[in-house]
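The structure appears right after this line, and notes come after that.
The values are calculated or read from the model by the stated rules, or taken from the named source; none is laboratory data. Since the structure is predicted, the reported quantities are computational estimates derived from the model, not experimental observations. Quick reminder, even Gly has a Cβ in these numbers, built from the backbone with ideal geometry, and neighbours come from all protein chains shown. Only protein heavy atoms, including side chains, enter the accessible area calculation; ligands, DNA and RNA are left aside. Shrake-Rupley method; radii C 1.70, N 1.55, O 1.52, S 1.80 Å.
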Amino acid sequence: QVLLVESGGGLVQAGGSLRLSCAASGRTLGAYTVAWFRQAPGKEREYVGTISWTGKYYADSVKGRFTISRDNAENTVYLQMNSLKPEDTAVYYCAADGAYRGIESKYYDYWGQGTQVTVSS
């Protein structure tokens with residue numbers, strides 16, 4: 001069992017930056033693929049990016065602006081978000097899985113509670 005807790009969300013102006021954290025307990029997060037998803041009001045959950053043993057992958061909408069990293073000593077994965085846009089406003093979730101490495105949220109077993117990111121124009 002992996003317990004995930006996101007933090008770091010907040011209100012930021014367009015062009016600003018935020019760093020989200022996904023802290024894990026229960027298991028070593030380094031053994032899992034960790035993905036970030038987001039969900040805006042009235043929209044479906046959207047894939048943001050993934051970090052796994054094969055590398056880092058990003059949705060086209062965030063490529064070049066967002067960066068995922070992992071600190072194994074802290075058992076934490078980070079999502080650094082730069083050049084934020086109002087359309088990045090959403091609840092951001094991290095998810096982990098021991099086998100799946102793709103972009104479909106339904107295949108991830110473990111989820112955090114989400115953290116709100118609001119980007120003002």
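Out of 64, 49, which single residue is open to solvent by 20 Å² or more (accessible area, probe 1.4 Å) and either in a strand (DSSP E or B) or out of contact with any Pro (no Cβ under 6 Å at 6 or more places or on another chain) (or both)? Outline the logic, then answer.
On the way: 49 fails: open to solvent by 20 Å² or more (accessible area, probe 1.4 Å).
None of the others qualify; the one that does is 64.
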Look through 84, 79, 29 and report the one residue that is at pLDDT below 95 and open to solvent by less than 10 Å² (accessible area, probe 1.4 Å). 29
Counting only residues that are in contact with a Cys (Cβ under 8 Å, 6 or more places away or on another chain) and assigned to a loop (DSSP other than H, G, I, E, B), how many does region 100-121 have? 1
Report the residue count in region 87-99 for those that are buried (at least 18 other Cβ atoms within 10 Å of the Cβ) and either in a loop (DSSP other than H, G, I, E, B) or small (Gly, Ala, Ser) (or both). 4
If you go through region 1-26, how many residues are touching a Gly at 6+ places or on another chain (Cβ under 8 Å), open to solvent by less than 40 Å² (accessible area, probe 1.4 Å), in a strand (DSSP E or B) and in contact (Cβ under 8 Å) with a residue 60 or more places away in the chain? 5
